[in-house]
Amino acid sequence: MRILITGITGYVGGALVPHLHADGHELRGLARNPASARLDADVPLVQGDVTSGAGLDEALDGIDVAYYLIHSMETASNGAFESREEEGARRFARAAERAGVKRIVYLGGILPSARPVSPHMASRLKVEELLLEAVPESVAFRASIVIGARSRSFRFLVRLVERVPVIPLPPWGRFQTQPIDGRDMLEFLIRAADVRATPGGSYDVAGPDVVSYGEMIERIGDLLLLDRPSIRLPVAMNAVASQVAAAIAGEDHGLVGPLMGSLGSDILPRDMTAPDRFGVRLHRFDRAVERALREWEELEPGSVAAR
């Protein structure tokens, strides 16, 4: 199978490379800056940009399956990021359709069922709709927080637990979600490359454990062997809190702001048929965190609190 990976310089795209390469697929990458790619296999890269459309026809030429792993996490109150994301997805979808691509595989987020979606999640949904409309056999996975050594949302939570002696929990701390092990997320993505064996459509993908955000933070602390009591706050104050949290964790507010802005209700899957349909066995939350922390320490010795 001839496969294109966009976002190949990121966490998910880079992690897919060795698995797809080992399965015998012929890979190609699309990157705005190919020189920044650090890959575990020799993959030809095309320089391009989905927003401008540069390089898309060259990158998609002869491709059977294309992974669309591009997200804008820039904070923008004027809708600029939404329009960029929509324009990029529309250009990519049209180019994929012209090239005769059989399937696009997209990774988005689980949508809340009890409240209007945030601007960033609404943008993800629009991207999904554009891609599936252009190439009907495409697959869109909607995931909650991914637990992995290179997952920025997971690393953000770990850094908060490490660096804040008492954890302030706004009202969203009681809302529930189902984090997914990064290994399981990769397995879903890998299996989606087989157009004949796996069905197209949109799928919620989540781990087997339902936890509140407060419980998730508490259990990360336990697994780090850190005693981190929490205090309940009466109001969220997300605009201010996200700035403070980003500074404490050493993370870009462009990630933290949208992440915290989406925490207004439970983020739970509407159904759990994806594991059966794609043949993926799910790991439990504690095992996922233990694995991610161990791998993080292996990748960056001394960077995680002693356990």
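No other residue among 110, 147 is more than 26 Å from residue 2 (Cα to Cα), aliphatic (A, V, I, L, M), out of contact with any Gly (no Cβ under 8 Å at 6 or more places or on another chain) and surrounded by 23 or more Cβ atoms within 10 Å (Cβ to Cβ) apart from 110.
Looking for whichever is buried (at least 19 other Cβ atoms within 10 Å of the Cβ), β-branched (Val, Ile, Thr) and assigned to a loop (DSSP other than H, G, I, E, B) here; the options are 101, 105. Which one fits? Explain how you work it out, then say what you get.
Working: 105 fails: assigned to a loop (DSSP other than H, G, I, E, B).
After applying the criteria, what remains is 101.
Report, by residue number, each residue of segment 176-215 that is among the aliphatic types (A, V, I, L, M), surrounded by 21 or more Cβ atoms within 10 Å (Cβ to Cβ) and farther than 30 Å from residue 21 by Cβ. Answer for segment 176-215, where residues must be among the aliphatic types (A, V, I, L, M), surrounded by 21 or more Cβ atoms within 10 Å (Cβ to Cβ) and farther than 30 Å from residue 21 by Cβ: there is none. Within segment 177-196, being over 17 Å from residue 289 (Cβ atoms) and touching a Leu at 6+ places or on another chain (Cβ under 7 Å) holds for 189, 190, 193. Within the option set 41, 59, being modelled with pLDDT of 95 or more and either assigned by TED's automatic domain parsing to the domain that holds residue 123 or in a strand (DSSP E or B) (or both) holds for one residue only, 59.
Restricting the first member to segment 211-232 and to residues that are under 24 Å from residue 268 (Cα atoms), and the second to residues that are charged (D, E, K, R) and not in a helix (DSSP H, G or I), the beta-carbon pairs closer than 8 Å and six or more apart or on different chains are 217/228; 218/228; 221/227; 221/228; 223/307.
Of all residues in segment 145-164, at least one satisfies being assigned by TED's automatic domain parsing to the domain that holds residue 247, over 13 Å from the mean Cα position of the chain (by Cα), over 21 Å from residue 14 (Cβ atoms) and assigned to a loop (DSSP other than H, G, I, E, B).
Return the residue satisfying two criteria in turn: it lies in segment 120-144 and is of a type in the set (Gly, Ala, Ser) and in a helix (DSSP H, G or I), and of such residues it is farthest from the chain's Cα centre (by Cα). The residue in question is 134. Exactly one of these conditions fails for residue 185: (1) in contact with a helix residue (DSSP H, G or I) (Cβ under 7 Å, 6 or more places away or on another chain); (2) outside any strand (DSSP E or B); (3) hydrophobic (A, V, I, L, M, F, W, C). Give me its number. Against the list (1) in contact with a helix residue (DSSP H, G or I) (Cβ under 7 Å, 6 or more places away or on another chain); (2) outside any strand (DSSP E or B); (3) hydrophobic (A, V, I, L, M, F, W, C), residue 185 comes up short only on (1). Residue pairs whose Cβ atoms lie under 7 Å apart, sitting 6 or more positions apart in sequence or on different chains, and linking a residue in segment 14-42 that is touching a residue at least 60 places away in the same chain (Cβ under 8 Å) to a partner that is surrounded by 12 or more Cβ atoms within 10 Å (Cβ to Cβ) and of a type in the set (Ser, Thr, Tyr), are 16/67.
The values are calculated or read from the model by the stated rules, or taken from the named source; none is laboratory data. Everything numeric in this text was worked out from a predicted model, so none of it was measured. Note that each Cβ is placed from the backbone with ideal geometry, even for glycine, and that neighbours are counted across all protein chains shown.
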